[in-house]
1. Can you tell me the relative contact order of the chain? Whole percent, Cα pairs under 8 Å, sequence separation 6 or more.
2. What residue among Q44, Q81, Q13 has the largest mean-square fluctuation in a Gaussian network model of the chain, using Cα springs under 10 Å?
3. For N58 and L100, FRET efficiency with R0 = 22 Å and r from the beta-carbon atoms, rounded to 0.05?
4. Based on alpha-carbon centroids, what's the gap between segment 1-69 and segment 85-104 in Å, whole number please?
5. I need the calculated FRET efficiency for the pair T68 and Q1, taking r as the beta carbon distance and R₀ as 35 Å, to the nearest 0.05.
6. If you count only protein heavy atoms with a 1.4 Å probe, what accessible area per residue comes out for segment 1-95, rounded to a whole Å²?
7. Only Lys, Arg, Asp and Glu count, each charged at its Cβ (+1, +1, -1, -1), so figure out the dipole size of the chain about its Cα centre, rounded to 20 debye.
8. Of the accessible area of the chain, with the probe set at 1.4 angstrom, what percent is carbon plus sulfur?
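The values are calculated or read from the model by the stated rules, or taken from the named source; none is laboratory data. In this text, all values refer to a predicted model and were calculated from it rather than measured experimentally. Because the Cβ atoms are built from the backbone with ideal geometry, glycine has one as well, and the counts that use them run over all protein chains shown. To get the accessible areas, we keep the full protein, side chains included, count just its heavy atoms, and leave off ligands, DNA and RNA. Shrake-Rupley method; radii C 1.70, N 1.55, O 1.52, S 1.80 Å.
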Amino acid sequence: QVQLVESGGGLVQPGGSLRLSCAASGSIFSPYLMGWYRQAPGKQRELVATITSRGSTNYADSVVGRFTISRDNAKNTGYLQMNSLKPEDTAVYYCNLKFLGRDLWGQGTQVTVSS
């Protein structure tokens, strides 16, 4: 049974940086699609970024140039590097992994951008 565990969230000032990690336990098979989503209070969950097992990436317009998604296949871990953070980036961030018909979610990690 594959499980996802996120880490790296926290409180940061506007303009600051954070790196989120998503560690997957168990075996993962390519092809897969890993993504980061976020949900702010009172809003729907939205896509932030995705990366395929081949390394192709896609970003929401609101984070282009500020966030970078990556993965380390050897460690079964995905990352979201977030720079130039803004108060509107405040949300719970969720990791998602799709492979072999499975659609897995992590428990979420809180990111708060505030002075």
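1. Here the relative contact order equals 37 percent.
2. Most flexible of the set in this elastic network: Q44.
3. 0.60
4. Between the Cα centres of segment 1-69 and segment 85-104 lies a distance of 5 Å.
5. 0.75
6. On the way: 5090 Å² over 95 residues.
Spelled out: the 1.4 Å probe surface of segment 1-95, per residue, equals 54 Å².
7. Result for the chain is approximately 160 debye, rounded to the nearest 20.
8. Carbon-and-sulfur percentage of accessible area, whole number: 47.
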